[in-house]
């Protein structure tokens with residue numbers, strides 16, 4: 001990762017990341033999400049990120065993994 005790609009220094013409290021079997025990646029704790037255009041948004045206390053690649057709300061999970069029978 002070069003300097004342009006480096007994430008901003010965190011000033012938030014501890015964040016926990018948990019992989020759900022055959023499901024999303026859960027991020028527990030508030031963080032700032034920065035998109036490819038530099039737009040910032042705050043996440044809630046629990047955020048689910050898509051791992052199956054089929055979500056219509058990327059990068060967030062919309063439950064599509066259940067319908068396509070996504071498996072690890």
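The values are calculated or read from the model by the stated rules, or taken from the named source; none is laboratory data. Model, not experiment: these values are computed from the prediction. Cβ coordinates were reconstructed from backbone atoms using ideal geometry, including for glycine residues, and neighbour counts include every protein chain displayed.
What to note about this one:
- Filtering the stretch 42-72 to residues that are part of a loop (DSSP other than H, G, I, E, B), surrounded by 12 or more Cβ atoms within 10 Å (Cβ to Cβ) and in contact (Cβ under 8 Å) with a residue 40 or more places away in the chain leaves only 70.
- Residue list for the stretch 1-27, restricted to those being surrounded by 14 or more Cβ atoms within 10 Å (Cβ to Cβ) and either part of a loop (DSSP other than H, G, I, E, B) or modelled with pLDDT under 90 (or both): 23, 24
- Verdict on residue 30 being surrounded by 10 or more Cβ atoms within 10 Å (Cβ to Cβ), touching a strand residue (DSSP E or B) at 6+ places or on another chain (Cβ under 8 Å) and modelled with pLDDT under 90: no
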